[in-house]
Amino acid sequence: MDVLVGYATVHGSTRETADRVAAGLAKAGLRVEARDLGTVEDADAYAAFVLGSAVHGQTWLEPAKAFVRDNLDLLGARPLWIFSVGMPAALRGPWRRLAPREAPVIVESLPGDLLPRDHALFSGVIAPAHLPPAGRIMFRLVGGRFGDYRDWDAVDDWTARIAETLAR
């Protein structure tokens, strides 16, 4: 089975997550390709999809949303999983408790009536250079801390569940 692990990224954290997912699926014996969604020319060439995007303003990046919009019929007819990479683990206090509520908002912001088999919200990397000066101040005021918050075990576990489903 040919699986596309497609992604949209700004600073590279989502690409690295997609590469990790693709490596896990390949290790399980699946034929897989990790690609920037803006470079996918023939989505029909894939039998299954794992799509991800960085999250900015509780929504996916435009290249990822455009891919979904352009391929809604295809994505609805084939196995589909989605993942989002944001900063929930970088938040503290009440903001961190609110982070899980972001996942349904992200899915609702996607074009069409997309029905993925699962949606995972992972934390990524947040560095001062990723935010404008006012954003850095606001981030710190709400208790945010800069750093690499990727949980590779969670990514690997999610990937293993996808591989198990596709192997059936």
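The values are calculated or read from the model by the stated rules, or taken from the named source; none is laboratory data. Keep in mind that this is a model prediction, so the values were computed, not measured. Accessible surface areas use protein heavy atoms only, side chains included; no ligands, DNA or RNA. Shrake-Rupley method; radii C 1.70, N 1.55, O 1.52, S 1.80 Å.
Overview of results
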{"quantity": "Cα centroid of the range 104-168 to Cα centroid of the range 1-68, whole Å", "calculated": "13"}
{"quantity": "Extension gain (nm, one decimal) between residue 145 and residue 108, 0.36 nm per residue minus Cα-Cα", "calculated": "10.6 nm"}
{"quantity": "Nonlocal amide H pairs with residue 50, under 5 Å, H built at 1.01 Å", "calculated": "4, 5, 6, 81"}
{"quantity": "Isotropic mean projected area of the C-alpha convex hull, the range 73-168 (nm²)", "calculated": "7.5"}
{"quantity": "Per residue solvent-accessible surface (Å²) - the range 54-168, probe of 1.4 Å", "calculated": "55"}
{"quantity": "Extension gain (nm, one decimal) between residue 62 and residue 77, 0.36 nm per residue minus Cα-Cα", "calculated": "3.2 nm"}
{"quantity": "Rounded D (µm²/s) - the range 25-110, Kirkwood Rh over Cα pairs, Stokes-Einstein at 10 °C, 1.306 mPa s", "calculated": "110"}
{"quantity": "For the chain, the spread of Cα positions along each principal axis, largest first, Å", "calculated": "47, 30, 25"}
